[in-house]
Amino acid sequence: SGQGLVFVDSLTSSESVAGDRAAQAGLRAYRRDVFLDHEIDEEAIDSALSDALSRARQTGSAIAIGHPHSLTLAALEGLGARAAREGVQLVTIRDLAARES
C-alpha cells in the first residue's frame, strides 16, 4: 500500500522522473537539495554541509544526501553540534514527512 513510505529522489540525473512517479503512486516524495560528496574532498564536503545548513535556515528544511565515504562520514560526525550552533535541528526524512503531514 505504500502507507508510511517516503521516497527521496537523489536527482543524480537532471531528467529524473522518479519523484513524480512516486508521488503519483501515493508516496510522500521529496527531492534532495544538496549532494554532500559530489567531490570527495574535505573542503568541498564542508562547503556542501554549509550550503545545506544555510538552505535549512532560509527555507525551513533541506535534504542532504551523500555516500559513506570516509571523508563524508568524518564530516557528519560533528554535524549535530554544528547544526545546533547554527539553529538547525537535524531530523530523519521520516520525521520531516511527519511534520509536514
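A compact table of results
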item	result
Per residue value of the accessible surface for the chain (all protein chains in place, 1.4 Å probe), Å²	66
Cα-based helix-to-principal-axis angle, 42-59 vs the chain, degrees rounded to 10	50
Percent of C-alpha pairs per 10 Å bin, segment 44-101, short to long	22, 55, 22, 1
SER14 accessible area, assembled protein chains, probe 1.4 Å, Å²	120
Surface share of carbon and sulfur [accessible, 1.4 angstrom probe, percent] for the chain	47
At q = 0.19, 0.22, 0.23 Å⁻¹, base-10 log of I(q)/I(0) for the chain (Debye sum, equal scatterers on each alpha carbon)	-1.00, -1.22, -1.27
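The values are calculated or read from the model by the stated rules, or taken from the named source; none is laboratory data. Source: prediction; values computed, not measured. Please note that ligands, DNA and RNA were not included when accessible areas were found on the heavy atoms of the full protein model with its side chains. Shrake-Rupley method; radii C 1.70, N 1.55, O 1.52, S 1.80 Å.
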